[in-house]
Structures are given as C-alpha cells and as structure tokens.
Amino acid sequence: MNLPRYEIETDKSSSVFGFVSEGIKGKIPKLIKYTETNIKGYYNLAFGDKDETTGDINDTVISNNGDPEKVLATVVATVYAFTANRENCYVYAKGSTKVRNRLYRMGITKYLGEIEIDFIIYGLANDAWEPFEKGTDYDAFLVYRKNG
C-alpha cells in the first residue's frame, strides 16, 4: 500500500514497533506488539496507545487524533516488516471493541485488492475462519503472507 504513514522504530527481533501519531490532539505515542500464540507460527497483533507510565499498550483509549488512515497504513507497514523473514507465519488481529473491528474491516475492504497481492486474508465469523469477503462482519482477522 502506497499511503502516507509514520516513521516506525522496532526492536532487534522486529516484533515490537513504535511510532508517534501527530494530529489534532498533538503527538501520541503508539505501540504494536507481535506475540506468538500457543500455536506455533501464529502471532497476535496488539496495538494501541503507549502507556507512558507502564510502557505497555493501552488498547482501550480512544485517541481520535484525526489520522486514522495514516495510523492504519503504519500498522500495515509493520505487518510487512514482521512477516518479511518469517515463513509460514499467520498474524491474528482483533479490535478491542466492535467499533474498532469495524474500522479494521473497512480498512481491509478499502485496500483489499492491494492487500491480496501479498497476503491471504481470513475473517472469523460464526466461530469459523473463511476467506475475507467484503460486506461481512467479522469477529477477528487472520493474514498469511504469500511466498515469493
């Protein structure tokens, strides 16, 4: 996706990313963490504001900084970076609320053609994974980076 995005910083393992959202409410630090689940090769994507006290992610705060598309483009850039050197890697994402899940679905829908060039994307509906379909509400998302 060739969209404006924020400059990201990462750790040595490329599993923790940070950036700063700049918008109508000022500069808000954000964090993205990829953590392997109990299933080998499956990673959970956690995203939210960086809690300056704990240094961890707060995924319940609503920033409304006026830059949602740039923020989502930045998160997508980390998915590319995270999966770049990991074969057979699945990334699981779920919004902390139904509203956030809807926002993610809308972003996926808007750029589905571009996403499908590099990824296979699934949605979780009725407790079953299915290929992502526009117009369907999903409880979570799963992406798999295509090889070569």
Task: Whole-Å distance, taken between Cα centres, linking segment 67-86 and segment 96-120 - done: 12 Å
TODO: Express in nm, to one decimal, how much length is gained between ASP59 and TYR111 on full extension, taking 0.36 nm for each residue of separation and deducting their alpha carbon distance.
DONE: 16.4 nm
TODO: In nm, give the distance between the simple-model label positions of THR136 and SER96, each being 7 Å from the Cα along the Cα-to-Cβ direction.
DONE: 2.8 nm
Task: Accessible area of PHE119 in the full protein assembly, 1.4 Å probe (Å², nearest 10) - done: 10 Å²
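Of all the stretches in the chain, which is the longest one without any exposed loop site, taking GluC sites (Glu not before Pro) in a DSSP loop (any state but H, G, I, E, B) with at most 15 other Cβ atoms within 10 Å?
Maximal segment without exposed cleavage sites: 88-132.
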Task: Percentage relative contact order, segment 33-148, counting C-alpha pairs under 8 Å, at least six apart - done: 23 percent
TODO: With a bin width of 5 angstrom, please list the P(r) values of segment 99-148 as percents of all Cα-Cα pairs, from the 0 bin to the one holding the largest distance.
DONE: 5, 23, 32, 25, 11, 3, 1
Task: Semi-axes of the equivalent ellipsoid for the chain, Cα gyration tensor, largest first, Å - done: 23, 18, 15
Task: Qualifying trypsin sites (Lys or Arg not before Pro) for segment 1-34 [loop in DSSP, other Cβ within 10 Å: at most 16] - done: LYS12, LYS25
- [ ] Could you work out how far helix 68-83 tilts from the main Cα principal axis of the chain, as a 0 to 90 degree angle to the nearest 10?
- [x] 60 degrees
- [ ] Have a look at VAL76, LEU45, ALA140 and report the one farthest towards the positive end of the charge dipole of segment 3-148, computed about the Cα centre with Cβ charges (Lys/Arg +1, Asp/Glu -1).
- [x] VAL76
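The values are calculated or read from the model by the stated rules, or taken from the named source; none is laboratory data. As the structure is a computational prediction, the values presented were derived from the model and not from experiment. Counting neighbours? That spans all protein chains shown, and the Cβs are built from the backbone with ideal geometry, glycine included. The accessibility values were calculated without ligands, DNA or RNA, using every heavy atom of the protein model including side chains. Shrake-Rupley method; radii C 1.70, N 1.55, O 1.52, S 1.80 Å.
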